[in-house]
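Before any comments, here is the structure.
The values are calculated or read from the model by the stated rules, or taken from the named source; none is laboratory data. Small disclaimer: the values here were computed from a predicted structure and weren't measured. Glycine also receives a Cβ, built like all others from the backbone with ideal geometry; neighbour counts cover every protein chain displayed.
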């Protein structure tokens, strides 16, 4: 079993300020992965080049989102299971609620349900996703973070 270790200190977030980089993620059992890479505007083009050289992207699209509160840019893209060789720094696996343009990690989803459901994580709990439209839900030291986003551009390959 191949695992990827996200416990690195050489990324743009120091160890005390990282999002959902717990211990490792095993990508071998997923067919389609939605990855989310954080970058600055200055490094965006370089990151796009690196990603397109590493992977064959599904749907031939990359979405660039701007997070105004942190002045970061987020690049999202889908890759196939057999296409995973290495991942760029500052990249996390996310899930999506397409109709609301919401991205989230599993840790953040569990924390959100816990917060909304009186401290209980219930997988059948119904979330009103309209409250989380155009955002990324992450955790930082066990605390739920909501990063509001807007589309900066769509890159068609």
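Observations
- Test for residue 92: is it in a loop (DSSP other than H, G, I, E, B), buried (at least 17 other Cβ atoms within 10 Å of the Cβ) and either at pLDDT below 95 or in contact with a strand residue (DSSP E or B) (Cβ under 6 Å, 6 or more places away or on another chain) (or both): no
- The one condition in (1) under 24 Å from residue 32 (Cα atoms); (2) more than 12 Å from the chain's Cα centre (by Cα) that residue 141 fails to fulfil: (1)
- Screening residue 80 against (1) surrounded by 17 or more Cβ atoms within 10 Å (Cβ to Cβ); (2) modelled with pLDDT under 95 leaves a single unmet condition, (1).
- Residues located in region 126-149, provided they are free of Cβ contacts under 8 Å to residues at least 12 places away in the same chain and either closer than 13 Å to residue 72 by Cβ or surrounded by 12 or more Cβ atoms within 10 Å (Cβ to Cβ) (or both): 131
- In region 124-157, the residue that is nearest to residue 48 (Cα to Cα) out of those that are touching a strand residue (DSSP E or B) at 6+ places or on another chain (Cβ under 8 Å) and part of a helix (DSSP H, G or I) is 132.
- Being over 22 Å from residue 153 (Cα atoms) and without any contact (Cβ under 8 Å) to a residue 12 or more places away in the chain is a description that does not apply to residue 113.
- Here region 132-150 is the region considered, the condition is being out of contact with any helix residue (DSSP H, G or I) (no Cβ under 9 Å at 6 or more places or on another chain) and at pLDDT 95 or above, and the residue that is nearest to residue 110 (Cα to Cα) is 147.
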